[in-house]
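First comes the structure, then the notes that go with it.
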Amino acid sequence: MFNRDREILASLSDLDLSPTMEKNARDKYAALSSYLDEKGLDSDFYPQGSFLIGTTIRPYRNGKDHDYDLDVLAILKRNKIETNARKVKNDVGNCIKESNIYSDKLEKEDRNCWTLKYAEVSKGIGFSLDVIPAVDETISVKRDIVLSGVPYSQVEKTIAITDKKVDTYDWLTSNPLGFGDWFIEISNRHLTDKMKIEQYNNLPGDMRMEFASVEEIPTYYKSNLQRAVQFIKRHRDIYYDRSKLINEKPASILISALVADSVKDEYFLSVSDIVNIFIVSFINKNISIIKDGKILNPVDLRENLIEQYTENRLNNMTRWILELNKFMNVEDRREFQQNIHNDINTRVFTKAFENPTIITPTKPWRN
């Protein structure tokens, strides 16, 4: 038996958002927040999604890696019943368009966000910031979520984000900050002091000088749960890309919720143990948020995360997880390294093989 965590962590080494790039992104959205305040748009900015919960992984599409996609919330300090989604979305967008700094980075309006593109931030790699305008959700909506069975402590940060469909704008209830709190609470059960010290010592010197102690570092530590989610997402991205099913892949929030929920009662598991527990629990439908053919949002039990998934899409998800199970059950270390190299990150373990540039995808990825 060999330690699979060593190979898994090696495969993620240059796919993760580095502390330097993460700090750069946080500085960028802090500057944007200050600019909006100066323009009279009083707002609070927060990371959301994978950026918030520490599971960002470099996107993989059409056979190659791409720049990072990072989501941030721009929560305007307005009463939802006294404004509307169109005004909130366009007030943020118009301010960005008026700026000499931001206008040339602005891409076309997306359904829920305004996207700012920052090219080649570090070592030829850049990132985009998807700025999502929002306001605080109403008390009545929050009350309905509490009545569904979610503690108010996980509900109070619920927001309403703008949702554009063709030429109409509407509100969409969302709770990314509550989800982040829920996930991080579980994540911290799989992060030891020893891991923090090791990661602190690996930070760039200027960042260690900025933060005087291990405990002062704000967000840059990675737990084994976060690493497991990153690894699973990377396997998903390459599997679905090679299978020509890129639009069918399960959403990151779905994966994060399932993996975290499968180990929420465990402590200090290894990365490979978390991956394996998730696989077995999913196959056996032994995850608490899987109920009556639904997969529930843990911070809004009214929401079925797979409501829009067709039967074929769900079947493809099961096939992918079964393939991940085969991947994790390889007993030979060299074969496992070969699979990591072929199916996760071709830049690792290149010296271990005679022909490292020849990639033979694992079945059923071959067309």
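Listed values, structure above:
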item	result
Accessible area expressed per residue, the chain, with surrounding protein chains retained (probe 1.4 Å, Å²)	48 Å²
The chain - percent of accessible surface contributed by carbon and sulfur, probe 1.4 Å	47 percent
Spin-label model distance (nm) - GLU311 vs ASP27, 7 Å beyond Cα toward Cβ	5.4 nm
Residue-wise HN-Hα coupling along the range 89-95, computed from phi with Karplus coefficients 6.51, -1.76, 1.60 (Hz; x: Gly, Pro)	5, 7, 4, 5, x, 5, 4
The chain: radius of gyration and largest Cα-Cα distance (Dmax), Å	21.0, 66
Estimated FRET transfer efficiency when R0 is 25 angstrom, pair THR318-THR346 (beta carbons, to 0.05)	0.40
Under the Karplus curve 6.51 cos²θ - 1.76 cosθ + 1.60, θ = phi - 60°, whole-Hz ³J(HN,Hα) for the range 180-195, x wherever Gly or Pro sits	x, 4, 4, 5, 5, 4, 6, 4, 5, 6, 10, 10, 9, 4, 4, 5
Net charge dipole size for the chain [Lys, Arg +1 and Asp, Glu -1 on Cβ; Debye, nearest 20]	940 debye
Estimated vicinal HN-Hα couplings, Hz - the range 238-250 in sequence order (Karplus 6.51, -1.76, 1.60; Gly, Pro = x)	6, 4, 6, 5, 6, 7, 6, 10, 4, 7, 9, 5, x
For the range 1-100, size of Cβ-based charge dipole, Lys and Arg +1, Asp and Glu -1, in debye	340 debye
Inter-label distance, nm, simple model (7 Å from Cα along the C-beta direction), ASN247/ASN84	3.1 nm
Lys/Arg +1, Asp/Glu -1 at C-beta; the chain dipole; positive extreme among ILE255, LEU322, LEU73	LEU322
Summed residue charge, Cβ within 15 Å of MET1's Cβ, Lys/Arg positive, Asp/Glu negative	-2
Rh (Kirkwood; distinct C-alpha pairs) - the range 63-106, Å	12.9 Å
Unit charges at the beta carbon, dipole of the chain: most positive-side option, ILE279, TRP114, LEU172	ILE279
Helix 333-343 axis, angle to the chain major axis (alpha carbon atoms, nearest 10°)	40 degrees
Stokes-Einstein D (µm²/s) once Rh is taken as the Kirkwood radius of the range 16-156 over alpha-carbon pairs, at 4 °C in 1.567 mPa s	79 µm²/s
Under 5 Å, built H, 5+ apart or other chain: amide partners of THR115	GLU107, ASP110, VAL131
Coarse-grained scattering of the range 10-67 at q = 0.28 Å⁻¹, given as base-10 log I(q)/I(0) from a Debye sum over alpha-carbon atoms	-1.16
Cα gyration tensor category, rounded, prolate or oblate, for the range 275-355 with a/c compared to 1.5	prolate
Sequence-distant residues sharing a close amide H with ILE295 (under 5 Å, placed H)	LEU305, ILE306
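The values are calculated or read from the model by the stated rules, or taken from the named source; none is laboratory data. Since we're looking at a predicted model, the values are computed, not measured. FYI the Cβ positions are ideal-geometry reconstructions off the backbone, even for glycines, and counts take in every protein chain you see. Accessible surface is based on the protein model in full, side chains and every heavy atom, while ligands, DNA and RNA are left aside. Shrake-Rupley method; radii C 1.70, N 1.55, O 1.52, S 1.80 Å.
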